[in-house]
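The values are calculated or read from the model by the stated rules, or taken from the named source; none is laboratory data. Everything numeric here is computed off the predicted structure, so don't read it as measured data. Cβ placement follows ideal geometry from the backbone for every residue including glycine, while neighbour counts extend to all protein chains displayed. Heavy atoms of the whole protein, side chains included, go into the accessibility calculation; ligands, DNA and RNA do not. Shrake-Rupley method; radii C 1.70, N 1.55, O 1.52, S 1.80 Å.
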Amino acid sequence: MPVTMTERVMWLVSHLLTLDVTRVYRLCIANVQAPPPANLSCQFAFVSAAELGRLCGNADLEVDPKLLGMLESGKVICFAATRGDDLMGYVWFTENDVDPQHNTGGPQFKGIGLKLGAGVCYLFKALIVPGFRGQSLMSRMIHAACETLSRRGLDEIVTTTDVGNQAFQTSVERIGFVMVGRAVELAVFQSHLYWLPRLDERVTLQQGG
């Protein structure tokens, strides 16, 4: 979905005020659409902390040790695209509620939390290694992950992204994610004002504080 006039105004205002505008997307896994074909040979799989650490080292990418610890403990899961020992990209999911401090637009914000119902997971981090960008790999990777997520008993994915991140928005919209609202946080001195969309009992957005 192209950036709307409302979002353009918000983006301009965000450069004058301390404003964070986030798009909220949802996908019913049963309705996931196949991405366009690409001439790109790779393998898709969920990876362990040890495997991801090795792959990131090969790609000369840093990965947060806290996140690796959460992966090792099972609090989050990571799905990767690889070719041999080359890491091509990854996406991260969690079935746990998301604390606002882990979903912010920067240190000046308190963040927006998510309370997830049964069967819902949150896609919270995604990366395509620079040499593999521009080949629909993100869409292909998320599409491939859906089959395994479904076997885990999950039927819906929710994700949030900065309104200016058009590359990610294009990737998720390509396979069926639908924007269901915008979440806004305005920081004014010591106060934080929120405008959060009302969704349903399966996904609830919560303000930080």
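So what J values fall out for the stretch 109-120 if you push phi through Karplus, 6.51 cos²θ - 1.76 cosθ + 1.60 with θ = phi - 60°, rounded to Hz, Gly and Pro as x?
So the J values, rounded to whole Hz, are 10, 8, x, 10, x, 10, 9, 10, x, 4, x, 10.
Taking the alpha-carbon centroid of each part, what is the distance from the stretch 15-51 to the stretch 140-171 in angstrom?
After rounding, the separation between the Cα centres reads 4 Å.
Using a 1.4 angstrom probe with every protein chain in place, what is the largest-first accessible-area order of E185, E201, E51, E173? Walk me through the intermediate numbers first.
On the way: E185 0, E201 155, E51 80, E173 55 Å².
Putting E185, E201, E51, E173 in descending order of accessible area: E201, E51, E173, E185.
Once phi is turned into ³J(HN,Hα) by the Karplus curve 6.51 cos²θ - 1.76 cosθ + 1.60 with θ = phi - 60°, what whole-Hz value does each residue of the stretch 203-209 show in order, with x for glycine and proline?
Along the stretch 203-209, the couplings run 9, 10, 8, 10, 7, x, x Hz.
Counting each DSSP H run of 4 or more residues in the chain as -39500 (n - 2.57), what helix-only mean residue ellipticity at 222 nm follows after dividing by all residues, to the nearest 500 deg cm²/dmol?
Values: 5 runs with 53 residues, N = 209.
It lands at -7500 deg cm²/dmol.
Please arrange T148, T104 by accessible surface area, largest first, computed with a 1.4 Å probe and ligands excluded.
On the way: T148 35, T104 60 Å².
So, going from the largest accessible area down, we get T104, T148.
Towards the positive end of the charge dipole of the stretch 66-209, with charges on Cβ (+1 Lys, Arg; -1 Asp, Glu), say which of Y122, H192, G74 has the farthest Cα.
The listed residue farthest towards the positive side: H192.
Could you work out the mean projected area of the convex hull around the alpha carbons of the stretch 77-174, in square nanometres to one decimal? Let's see the in-between values first.
Values: hull surface 28.3 nm².
So the Cα hull casts an average projection of 7.1 nm².
Which of the GluC sites (Glu not before Pro) found in the stretch 58-153 are loop residues per DSSP with 12 or fewer other Cβ atoms within 10 Å of their Cβ? Can you show the working numbers first?
Numbers: sites: E62, E72, E95, E147; in loops: E62, E95.
When the GluC sites (Glu not before Pro) of the stretch 58-153 are filtered for loop state and at most 12 Cβ neighbours within 10 Å, E62 remain.
Could you size up the charge dipole of the stretch 79-191 around its Cα centre, putting +1 on the beta carbon of Lys and Arg and -1 on that of Asp and Glu, and report it in debye to the nearest 20?
Numbers: 10 positive and 11 negative charges, 34 e Å.
Magnitude of the dipole: close to 160 debye.
Of M179, M88, M1, which has the most accessible area and how do the rest follow, probe 1.4 Å? Walk me through the numbers before you get to the answer.
Details: M179 35, M88 0, M1 95 Å².
Reading off the accessible areas and sorting them downward yields M1, M179, M88.
Would you mind telling me which residue in N58, N31, N39 has the biggest mean-square fluctuation in a Gaussian network model of the chain, where springs connect alpha carbons within a distance under 10 angstrom?
N39
With unit charges on the beta carbons (Lys and Arg positive, Asp and Glu negative) and the dipole taken about the Cα centre of the stretch 103-209, which residue among L205, V178, F132 sits farthest to the positive side?
With unit charges placed on the Cβ atoms, the residue in question is F132.
How big is the equivalent ellipsoid of the stretch 1-142 along its three axes, where each semi-axis is √(5λ) from the Cα gyration tensor, reported in whole Å from largest to smallest? Walk me through the numbers before you get to the answer.
On the way: eigenvalues 148, 82, 58 Å².
The three semi-axes for the stretch 1-142 are 27, 20, 17 Å.
Per residue, what accessible area does the chain have, given a 1.4 Å probe and all protein chains present, in Å²? Please report the intermediate quantities before stating the final value.
On the way: 10970 Å² over 209 residues.
Ligands and nucleic acids excluded, the result is 53 Å² per residue.
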